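The values are calculated or read from the model by the stated rules, or taken from the named source; none is laboratory data. Because the structure is a prediction, the values reported are computed rather than measured. Every residue, glycine among them, receives a Cβ derived from its backbone with ideal geometry; neighbour counts consider all protein chains shown. Please note that ligands, DNA and RNA were not included when accessible areas were found on the heavy atoms of the full protein model with its side chains. Shrake-Rupley method; radii C 1.70, N 1.55, O 1.52, S 1.80 Å.
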Amino acid sequence: MTPYPQRSHPSGSRGDGYRGPGGNRSGGQQENRSVDCQSLPWLAEIRFAAPLDPQIFSDVAKRVAKEIPTSNTRVNRPSQLRRFYDEIVLWEDKVRAAPERFEEYRPFLLMMNAKAAYAQGREVVSGEFACLVQHTLAQVQDEKSLHLCKLFWEAFMGFYKLERPND
């Protein structure tokens with residue numbers, strides 16, 4: 001039986017996401033392992049419910065920024081993380097403009113969990129970052145909690161840039 005010829009990709013790569021033996025870009029050694037979100041105690045400090053911690057946008061956001069790995073220059077680049085923040089801002093703007101449509105928009109907001117998992121699989125964000133996305137989005141229950149989530153991410157992004165200034 002003759003094998004089917006492989007289609008060539010214009011860039012010369014296969015174009016189908018194939019990463020060779022081992023399934024990742026590191027040649028078989030997994031760099032970006034799955035993280036058990038329950039094992040990250042700093043996530044519990046992020047709460048958008050009343051009463052709101054007065055330190056959530058300062059000390060808590062700063063601690064969380066320090067917990068997101070910065071050792072690998074390819075993972076958790078501020079520009080990559082900014083994409084998630086920008087999407088939260090987009091959905092918060094839409095909900096602010098039409099609060100009655102919150103429940104209609106919520107599935108699309110929660111789809112960011114899948115986007116974070118995909119980015120983790122591509123090894124552009126860490127498991128800790130994917131857990132942060134999941135934890136913060138799980139708390140978004142209404143327009144007010146979405147606004148608090150956006151403010152937290154704004155503070156987090158500022159402190160994260162301080163942690164990784166050269167990117």
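Starting from the Cα of Arg82, step 7 Å toward the Cβ, then list every residue of the stretch 142-167 with an amide N under 15 Å from that point.
154-167
Which value, in Å² and to the nearest 10, is the accessible area of Arg47 when all protein chains are kept and the probe is 1.4 Å?
120 Å²
Find how many whole Å separate the alpha carbon centroid of the stretch 106-127 from the alpha carbon centroid of the stretch 41-97.
14 Å
For the stretch 37-142, just say rounded, prolate or oblate: build the C-alpha gyration tensor, square-root its eigenvalues into a ≥ b ≥ c, call rounded for a/c under 1.5, and beyond that prolate if a/b exceeds b/c, oblate if not.
It is oblate, given that a/c is not under 1.5 and a/b is not larger than b/c.
How many Å² of accessible area per residue for the stretch 25-152, probe 1.4 Å?
Result: 54 Å² of accessible area for each residue.
Any lysines with Cα under 23 Å of the Lys66 Cα? List them, leaving off those in the same chain fewer than 8 positions away.
Straight-line reach from Lys66, under 23 Å: Lys115, Lys150, Lys161.
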